[in-house]
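Colleague: Let me begin by handing over the structure; questions about it come next.
Bear in mind these aren't lab numbers, they're just calculated from the coordinates by the rules spelled out. Owing to the predicted nature of the structure, the values given are computational and were not obtained by experimental measurement. Cβ: placed from backbone, ideal geometry, glycine included. Neighbour counts: every protein chain shown.
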């Protein structure tokens, strides 16, 4: 009886441990299956975080995800992914709105169209230099205006204080000080307006910097990263990433200009989910820079997939 009781306690303990760490165990089993039996069963996926500031509906997004999925599946005539609408897919696809997409939309709002090309980079750099020069000039004028304002404000305050101390003021001085006060009030309003205009210029320049740095990364241009006004912009400038940990698998999408580029980035990240590494062929979807240009699989992409899945060439 005591032996049976011990077995029951051990079984309960093992069951408890498995329940507590079931997600980690599931991930370990998936990784083992991918390593020893690659492409043997479809990888389930669901939509995770979905930020609506991208101005794309979840239905439209899912349609593009499906097309990216099919790009790989049709190349070897095999189901590689399955969508689970209940949210329980082992792969979560997240649409994360941050400074990258915000910058893209801001540039669109002020009429600057971006393409992933050296010509577009050169045009944006020229625009950046022009905007930076204009901002520098505006900033100098703004700071000079503040200095003059403070000098006149201090002189006005000093005069008012002096007249208060002596306890009297002539009508001419009273009218003059009132006129000066009206000027100071008007100038204060104008300075605030100039500050707002400068902030708009700063936001536009910083948006341009984000996109320029993304192009520097995606086009592999040998230049130093541009700095935002108010500090250096840190971090990577990738449109999307794939990460895998004990907590699960995730594709994070940060930026896209149009549906075609979104499909291309998703296709690239799906390749990583399947276990594919980067390729050196610049035309390949799995090209190491993930530059968002080519959305169709090349021979190199397909050969890499077949090799990974242990399929005949």
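Colleague: What ranking, highest mean first, results for peptides 165-174, 266-275 when packing means the other Cβ atoms within 10 Å averaged over each residue?
Modeller: Sorting 165-174, 266-275 by mean packing, highest first, produces 266-275, 165-174.
Colleague: While we're here: So for the pair residue 49, residue 307, with labels modelled 7 Å out along Cα→Cβ, what separation do we get in nm?
Modeller: Result: 3.5 nm between the two label points.
Colleague: Which shape class applies to the range 170-288: rounded if a/c is under 1.5, otherwise prolate when a/b exceeds b/c and oblate if not, where a ≥ b ≥ c are the square roots of the Cα gyration tensor eigenvalues?
Modeller: prolate
Colleague: What is the packing order of peptides 244-253, 71-80, taking the mean over residues of other C-beta atoms within 10 Å and listing the highest first?
Modeller: 244-253, 71-80
Colleague: Please sort 141-148, 103-110, 57-64 by packing, taking for each peptide the average over its residues of neighbouring beta carbons within 10 angstrom, highest first.
Modeller: Answer by packing, highest mean first, reads 103-110, 57-64, 141-148.
Colleague: Report the gain in length on full extension from residue 90 to residue 199: 0.36 nm times residue separation, minus Cα-Cα distance, nm rounded to one decimal.
Modeller: 34.9 nm
Colleague: Figure the gain on full extension for residue 67 and residue 126 (residue separation times 0.36 nm, minus the Cα-Cα span) and round it to one decimal in nm.
Modeller: Full extension of this stretch gives 17.6 nm more.
Colleague: Would you calculate the separation in nanometres between label points at residue 138 and residue 176, each defined as 7 Å from the Cα along the Cα-to-beta-carbon direction?
Modeller: Simple spin-label model gives 3.7 nm for this pair.
Colleague: Run the numbers for residue 158 and residue 83: contour at 0.36 nm per residue of separation, minus the present Cα-Cα distance, in nm. All intermediate terms of the calculation are to be shown ahead of the outcome.
Modeller: Values: separation 75, 0.36 × 75 = 27.00 nm, distance 7.39 nm.
Stretched out fully, the residue 158 to residue 83 stretch lengthens by 19.6 nm.
Colleague: Write down the Kirkwood hydrodynamic radius of the range 111-218, to one decimal in angstroms, obtained as one divided by the mean of 1/r over all alpha carbon pairs.
Modeller: 17.3
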